[in-house]
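The values are calculated or read from the model by the stated rules, or taken from the named source; none is laboratory data. It should be emphasised that the depicted structure is a prediction, and the values quoted were computed from it without experimental measurement. Note: ideal-geometry Cβ built from the backbone for every residue, glycine included; neighbour counts use all protein chains shown. For accessibility, only protein heavy atoms count, side chains too; no ligands or nucleic acids. Shrake-Rupley method; radii C 1.70, N 1.55, O 1.52, S 1.80 Å.
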Amino acid sequence: MGETRDPAEAAGPAPPETHVADTDAAPTDDRANRPHDEPDGIAGTLRELVPLVLTALVLAILIKSFLIQAFFIPSGSMEPTLYPGDRILVCRVCTLFSDPTYGDVVVFSDPHPAPHLDRGAVGSLVHWLGEGIGVARPEDDDFIKRVIAKGGDTWELRRGMLFVNGARVREPYLSPERDSRDFGPETVPAGMLFVLGDNRLHSGDSRFPPPGGLGYVPEDKVIGEAFVIAWPLGRIGVID
């Protein structure tokens, strides 16, 4: 970043000012010119620290709620793309500008959630704040899968090979341990997504209805698109 400098500084130091002594001036009390004591002790520290902490918390909640959110991968259903223990970043704001499309790896909330507790207005606000700073568990579980087909598409799996609208889809991201079972054909209902895990033999996804799978996922359940692995260091990279 370039450094901006004042023109007077660039031209060199200004000549010292000369002052005319005023012998008729009344004597002044030096105490009036002394700086006031700075607030000290715990109370003074808290007065300075609390606004900074609150500002940081508000920014963190806003970023997590509307821009980018970090997630932890707990299972192997997306191997070899994602492994247990990976930390990923998900673009939440992306869903405001474009809909999920074929091949996207998306995080979404449970399409079949259990009834929520009635916490009341205050309790709900406190829980939301707790979620924002990561000290409260979300009310609904979150899942991560790959978008395979959208509303109106017809999908089919034949001996492990994927076909969408009659055309075979190449899937270089799949686990070497292939699933050769047949599923479909079925047409995805409007407003829904058909999602699959990359590790097909170990993924409860849209091929199966609840409770063994997820069934079709409403588009409005999508939280965002996973775009990068942020941890561990040896696996940092873009998610394809």
| field | Separation in nanometres of the label points that stand 7 Å from Cα toward Cβ, at Asp220 and Ala43 | value | 5.2
| Assuming R0 = 51 Å, what is the FRET efficiency of Tyr173 and Ala114, from their Cβ-Cβ distance, to the nearest 0.05? | 0.95
| query | Among the trypsin sites (Lys or Arg not before Pro) within the stretch 170-217, which fall in a DSSP loop and have no more than 13 other Cβ atoms within 10 Å of their own Cβ? | reply | Arg170, Arg178, Arg181
| said: For Val228, what residues show an amide H to amide H distance below 5 Å, using hydrogens built from the backbone and excluding near sequence neighbours? | reply: Leu89, Ile239
| field | Carbon + sulfur, % of accessible area of the stretch 171-240 - ligands and nucleic acids excluded, 1.4 Å | value | 59
| task | Could you calculate the FRET efficiency of Asp153 with Val50 from 1/(1 + (r/R0)^6), where r is the beta carbon distance between them and R0 is 51 Å, rounded to 0.05? | result | 0.45
| What is the spin-label model distance, in nm, from Ser98 to Phe163 if the labels are put 7 Å beyond Cα along the C-beta direction? | 2.9
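Only sites in a loop by DSSP and with at most 13 other Cβ atoms within 10 Å count here; which GluC sites (Glu not before Pro) in the stretch 134-238 make the cut?
Glu177
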| Listed residues Trp155, Trp231 arranged by accessible area, highest first, probe 1.4 Å | Trp231, Trp155
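Given contacts defined as C-alpha pairs under 8 Å and at least six residues apart, what's the relative contact order of the stretch 150-240, whole-number percent?
22
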| query | Label Leu201 and Ala121 with points 7 Å out from Cα along Cα→Cβ: what is the distance between them in nm? | reply | 5.5
| query | How large is the accessible surface per residue of the stretch 183-240, computed with a 1.4 Å probe and reported in Å² as a whole number? | reply | 47
